[in-house]
1. So how do 1-8, 80-87 stack up, highest first, on mean other-Cβ count within 10 Å?
2. Restricting to DSSP H runs of at least four residues, report the calculated mean residue ellipticity at 222 nm for the chain, -39500 (n - 2.57) per run over all residues, nearest 500 deg cm²/dmol.
3. Quick one: helix 200-214 against the long Cα principal axis of the chain, what's the angle to the nearest 10°, folded into 0 to 90?
4. Under the definition of Cα pairs under 8 Å and six or more residues apart, what whole-number percent is the relative contact order of the chain?
5. So between residue 31 and residue 1, what do we pick up on full extension, going 0.36 nm a residue minus the alpha carbon distance?
6. Once the Cβ-Cβ distance between residue 223 and residue 113 is put in as r, and R0 is 45 Å, what FRET efficiency do you end up with, to the nearest 0.05?
7. Applying a 10 Å radius around every beta-carbon, put 96-102, 72-78 in order of their mean neighbour count, most first.
8. Tell me the angle of helix 219-235 to the major Cα principal axis of the chain, expressed in degrees between 0 and 90 and rounded to the nearest ten.
């Protein structure tokens, strides 16, 4: 950073961290949002959703998590919140999509206690993700820290409501199209789950807002901003 003419950050939250924690010169840091592939991440037809449900043993309605399974993603509280919610919704499962990361032992007891109410798919190829998003009641993504948060936009592009954190980059990525919760409050996460499981109108509203929000993040716009930064650095 000391040697760079310009520094590109993928969110204002990341930019602020670079300035605050690493003393990056504010005038040299540009925010360039990544994009989401709206041609790929789009609602899938019922037969595609049925195929991924059958492939991974998903029965009935489900809440979805996408990302590496690790403490930074706040999975302990996600599982605690689901354990609170599950008795009132016996038809609902929690589907965890992603490879095992560090400290998986921190969740082992809850995963055992919840049994088949939790489905672990392991790593899922991008080709199957849109159908998994499309079939979900909501994406549950109350991370403790994110530099950007691609799953939020992927879910939005597929018309899937989102529960996300009030922390780091997630509010700026989610905009007004998600239920934002304090990630340290398990009850708040559980309440958001219940609201989306019970309220059809809320889900429809968030789905519409989400599709509009995803349209703000295109790779064409991202490329144009990167190009402008390169030209500015060249001229400098």
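1. Result, highest mean Cβ count within 10 Å first: 80-87, 1-8.
2. Calculated mean residue ellipticity at 222 nm is -13500 deg cm²/dmol.
3. 30 degrees
4. For the chain, the relative contact order is 24 percent.
5. Here the answer is 9.3 nm.
6. On the way: r = 47 Å, r/R0 = 1.04.
It comes out at approximately 0.45.
7. 72-78, 96-102
8. The angle comes out at about 20 degrees.
The numbers here are math on the coordinates, done by the rules we state, and not lab data. Source: prediction; values computed, not measured. As a convention, Cβ positions derive from the backbone with ideal geometry for all residues, glycine included, and neighbour counts pool all protein chains shown.
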